[in-house]
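Data block below; observations after.
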Protein chains: 2
Amino acid sequence: MIGIVVITHGDFSKALLETAQDIVGKQQFVSAITISYSEDPKVVRQRLEKEINANKTVDDWLILTDMVGGTPCNICLTLVEKFGEKYEVVSGVNLYMVISAFINRNKMPLTELKNKIIEDARLSIMDVKEKFLSRIKAHE
Amino acid sequence: MIGIVVITHGDFSKALLETAQDIVGKQQFVSAITISYSEDPKVVRQRLEKEINANKTVDDWLILTDMVGGTPCNICLTLVEKFGEKYEVVSGVNLYMVISAFINRNKMPLTELKNKIIEDARLSIMDVKEKFLSRIKAHE
C-alpha cells in the first residue's frame with residue numbers, strides 16, 4: 001500500500017483531501033499536514049516523520065506539497081536521506097493530482113505513480129474557455 | 001485592473017487565497033467562491049455573477065477553478081456568452097498559479113496573463129526529489 005501525505009502552507013492540504021475524498025470516496029492512509037508561519041520547521045518535520053513511521057502497513061509514501069522552495073517542500077527534502085526510495089515528493093499539488101493519486105495508488109508501484117500524477121496534474125491545468133469553445137465549433 | 005476569483009468544490013479556494021496572500025501580500029479584487037454539494041448550481045452562478053458585477057473598477061476577470069468537468073468549472077462556462085472576452089477560466093488551480101496571477105496581474109493584458117499562469121502552474125508541478133538529487137550531484 002502507498003500512503004499519501006499532503007503538506008502545505010496554511011490549511012488547504014486539509015481542504016484538498018476532504019474535497020478529493022468527497023469526490024472519489026473515503027481513503028485509507030492519507031493525511032494532511034498544515035504549517036503555520038509561526039511554527040518551527042523542526043516540529044513540523046517531526047510531525048511528518050511520526051506520520052510516516054506510524055503506519056506500519058504502508059510500504060511507500062507519496063508526499064504532495066504546494067511549491068518548490070517553500071517550507072513544506074524543504075521539510076520533505078530533509079527526509080530524503082532517511083527514507084530513500086521509500087518515498088517520493090511532488091510539488092504543485094492540485095485537486096486532480098490528489099484524485100489521480102487516490103485512483104491509481106493500488107495499480108502501480110511508487111515511481112510509476114509519481115510520474116502518473118505529475119502528468120495528470122499538468123494535463124488538468126487547462127484554458128477552459130478555449131477548450132469549451134473549440135468543442136462547440138467542432139459540433140457546428 | 002484584472003480581478004481574480006477562485007471557485008472550487010469545498011473550501012480550499014478560500015485556503016488557497018489566504019496562503020497566497022500570506023506569501024505575496026494582501027491583494028485587492030480577489031475572492032473565493034466555495035461550493036458545497038447540497039448547493040444548487042444556479043445559486044452559485046448568481047454568486048459568481050454578483051461578484052463579477054459588483055466591482056466596477058475591474059475590467060477583466062481571471063477565474064481559477066479546480067478541475068474540468070466539475071460543477072465549479074461548469075458554472076464558469078455558463079457565463080462565457082455573458083462575459084465574452086472580459087473573462088478567462090483556467091482549471092487545475094494550485095498555489096503557484098494563484099501566486100503567479102497576483103504577481104503578474106498588473107504587468108500584462110488578460111489573455112497573456114492566462115497563458116502565463118498556465119505555464120507557471122505546469123512548471124510548478126515537479127518531481128522534487130529528483131530535482132534535489134540532481135542538484136546535489138551537479139555540485140559533487
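Some observations on this one:
- Put simply, the amide H of B:Val6, placed in the peptide plane, has neighbours under 5 Å in B:Ser31, B:Ala32, B:Ile33, B:Leu64, leaving out anything fewer than 5 places away on its chain.
- Ranking B:Gln46, B:Gln27, B:Gly92 by Cα position along the charge dipole of chain B, where only Lys, Arg, Asp and Glu carry charges on their C-beta atoms, puts B:Gln27 farthest toward the positive end.
- Phi angles across the stretch B:45-62 convert, under the Karplus curve 6.51 cos²θ - 1.76 cosθ + 1.60 with θ = phi - 60°, into 3J(HN,Hα) values of 4, 4, 5, 5, 5, 4, 4, 5, 6, 5, 9, 6, 7, 8, 8, 10, 10, 10 Hz, Gly and Pro given as x.
- Beta bridges per DSSP with both ends in chain A, % antiparallel, nearest 5: 5
- Centre separation in Å (Cα based) which lies between the stretch B:88-127 and the stretch B:1-51: 16
- Most fluctuating residue given options A:Gly25, A:Gly84, A:Gly92, as computed from a GNM of chain A linking Cα atoms under 10 Å: A:Gly84
- Phi angles across the stretch B:77-86 convert, under the Karplus curve 6.51 cos²θ - 1.76 cosθ + 1.60 with θ = phi - 60°, into 3J(HN,Hα) values of 5, 5, 9, 4, 5, 5, 9, x, 7, 7 Hz, Gly and Pro given as x.
- Debye, to nearest 20: dipole size of the stretch B:2-139, +1 on Lys, Arg Cβ, -1 on Asp, Glu Cβ: 320
- Qualifying lysines (Cα of each under 25 Å from Cα of A:Lys129; at least 8 residues distant if same chain): A:Lys137, B:Lys14, B:Lys42, B:Lys50, B:Lys56, B:Lys82, B:Lys86, B:Lys107, B:Lys114, B:Lys116
- Mean residue ellipticity at 222 nm, helices only, chain B: -16000 deg cm²/dmol; runs of at least 4 DSSP H residues each add -39,500 (n - 2.57), and the sum is divided by the number of residues.
- Test item: A:110-122 mean partner chain Cβ contacts at 10 Å: 2
- Sorted from closest to farthest, the other copies place their A:Lys56 label points 6.8 nm away, with each point set 7 Å from Cα along Cα→Cβ.
- Computed across chain B, the Kirkwood hydrodynamic radius from all distinct Cα-Cα pairs reaches 15.8 Å.
- Most to least packed among B:31-41, A:1-11 [average Cβ atoms within 10 Å]: A:1-11, B:31-41
- Across chain B, the relative contact order, built from alpha-carbon pairs under 8 Å that are at least six residues apart, equals 26 percent.
- Shortest-first distances to equivalent copies, position B:Lys131, nm, label 7 Å out along Cβ: 2.3
- Mean per-residue shielding of peptide B:50-56 is 0, counting Cβ atoms of other chains within 10 Å of each Cβ.
- Shape annotation for the protein assembly as shown: C-alpha extents along the principal axes are 54, 35, 32 Å, from largest to smallest.
- The protein assembly as shown - charge dipole about Cα centre, Lys and Arg +1 at Cβ, Asp and Glu -1, debye rounded to 20: 0
- Pseudo-label separations to other copies for A:Glu119 - Cα-to-Cβ vector, 7 Å, nm: 2.5
- Partner shielding of B:84-90 amounts to 3, given as the average count of beta-carbon atoms from other chains within 10 Å of each residue beta-carbon.
- Whole-Hz Karplus values for the stretch B:90-105 come out as 10, 9, x, 3, 9, 4, 6, 4, 5, 4, 4, 4, 5, 5, 9, 4 Hz, taken residue by residue from phi with 6.51 cos²θ - 1.76 cosθ + 1.60 and θ = phi - 60°; glycine and proline positions read x.
No lab work stands behind these numbers, since they all come straight from the coordinates. The structure displayed is predicted, hence computed values, not measured ones. For neighbour counting, all protein chains shown are included, and Cβ atoms are generated from backbone atoms with ideal geometry for every residue, glycine included.
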